[in-house]
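The values are calculated or read from the model by the stated rules, or taken from the named source; none is laboratory data. Keep in mind that this is a model prediction, so the values were computed, not measured. A quick note on method: Cβ atoms are made from the backbone with ideal geometry, for glycine too, and the neighbour counts reach across all protein chains shown.
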Amino acid sequence: MLDLEFAQASDRGRVRESNEDYLGCVLPEVPEQRAHGWLFALADGVGGQARGEVASRTAVETLLAGFRRAARGERLRSLLPRLVQAANEKVFETGLAGKSRGAAMATTLVACALRFDRVVVSHVGDSRCYSIRHGQATALTRDHTVVGEQARLGLISAREAAEAETRHILTRSLGNAMFVGVETSDHLVLSGDVLLLCSDGLHGAVPAADMADIVTRNTDLNAAARELIDAANERDGNDNVSVQLIRIKSVERVGMYRGRPYKLA
Ligand code: MG
């Protein structure tokens, strides 16, 4: 049976007056609910006059509510992007309803849902999901930023992208339009893997290799989350910084037949 442990931390950083990042999760309360799966989500809101806070909270809460209501057994690969799309619509409508000139709002969103032995990751914007296995971090998301797209096209190097002045300019975010391009992928997880979701306040300040080190060195996940936040604040601190850590304790191996799971002996 899939089992995991989880920790999260969020901090407004050393400069910002408020925290526009928002985190949430759906954890099964009893073992029978595990077949429905786990959900983790992290959003980094943008917008003046506290609109960023509204955007990130609205996105995450809409996503969590949709997951709780979803039909048992619906495939996560189709469910998660559909729920992110619904969250986009909600942020967009909330933005329209409260519109005073110049107070547009938007947010990034990265979410991962786990069931059996797989994780499905959906995202919009530059909040990231990494998989840490055997001390090595692998990004499971690609930033939806101008420099991210340029690096993908081979126009600039990954290093140039990481150092560019314009690295924070998003090409996609939730809340700008009625529809948004949600990027989704799914991956096998192994016992011992740690999934790390974070806002750019963390990945912009702490290199992936250092994040992997901190996570691998700390057996206590809460201590790891705290150390990651401290590392970001020590090295930068100009942005809100948030992290969710999910350590896989055991997985349930299943086979798939015509889109339905069946137990492997
Ligand atoms: Mg940020």
### Task
For the stretch 127-178, enumerate the residues that are part of a helix (DSSP H, G or I), closer than 14 Å to ASP200 by Cα and either in contact (Cβ under 8 Å) with a residue 40 or more places away in the chain or away from the ligand (no atom under 16 Å from the Cβ) (or both).
ALA161, GLU163
### Message
Can you confirm whether VAL46 is without any contact (Cβ under 8 Å) to a residue 60 or more places away in the chain, within 16 Å of the ligand (Cβ to nearest atom), surrounded by 15 or more Cβ atoms within 10 Å (Cβ to Cβ) and within 18 Å of SER199 (Cα to Cα)?
### Response
no
### Query
Does at least one position in the stretch 57-74 carry a residue that is part of a loop (DSSP other than H, G, I, E, B), surrounded by fewer than 24 Cβ atoms within 10 Å (Cβ to Cβ), of a type in the set (D, E, K, R) and more than 16 Å from the chain's Cα centre (by Cα)?
yes
### Task
State whether one or more residues within the stretch 50-69 are modelled with pLDDT under 90, farther than 22 Å from ASN176 by Cβ and in contact with a Leu (Cβ under 8 Å, 6 or more places away or on another chain).
no
### Query
For the stretch 199-208, does any single residue satisfy the condition of being within 17 Å of ALA7 (Cα to Cα), modelled with pLDDT of 95 or more and within 16 Å of the ligand (Cβ to nearest atom)?
yes
### Task
Can you give me the number of residues within the stretch 210-232 that are surrounded by fewer than 17 Cβ atoms within 10 Å (Cβ to Cβ) and either in contact with a Pro (Cβ under 7 Å, 6 or more places away or on another chain) or more than 16 Å from HIS134 (Cα to Cα) (or both)?
4
### Task
Can you work out which of the residues in the stretch 2-18 that are more than 16 Å from the ligand (Cβ to nearest atom) and acidic (Asp, Glu) is surrounded by the most Cβ atoms within 10 Å (Cβ to Cβ)?
ASP3
### Query
Going by the conditions given, is ALA70 more than 16 Å from the ligand (Cβ to nearest atom) and under 30 Å from PHE116 (Cα atoms)?
yes
### Test set (1) touching a strand residue (DSSP E or B) at 6+ places or on another chain (Cβ under 6 Å); (2) aliphatic (A, V, I, L, M); (3) under 21 Å from GLU163 (Cα atoms) - ILE246 fails condition number
(3)
### Task
State the number of residues belonging to the stretch 96-122 that are polar (S, T, N, Q), modelled with pLDDT of 90 or more and either within 16 Å of the ligand (Cβ to nearest atom) or in a loop (DSSP other than H, G, I, E, B) (or both).
2
### Message
Take ASP21 and tell me if it is within 12 Å of the ligand (Cβ to nearest atom), acidic (Asp, Glu), in contact (Cβ under 8 Å) with a residue 24 or more places away in the chain and closer than 27 Å to VAL119 by Cβ.
### Response
yes
### Summary
Among helices (runs of 4 or more DSSP H) entirely within the stretch 181-246, at least 2 residues that are out of contact with any helix residue (DSSP H, G or I) (no Cβ under 9 Å at 6 or more places or on another chain) occur in 208-217, 221-235
### Query
Which of the residues belonging to the stretch 188-198 are aliphatic (A, V, I, L, M) and away from the ligand (no atom under 16 Å from the Cβ)?
LEU188, VAL189, LEU190, VAL194, LEU195
#### Entry: Residues satisfying the stated conditions in the stretch 12-66, i.e. charged (D, E, K, R) and farther than 17 Å from GLU93 by Cα
ARG12, ARG14, ARG16, GLU17, GLU20, ASP21, GLU29, GLU32, ARG34, ASP44
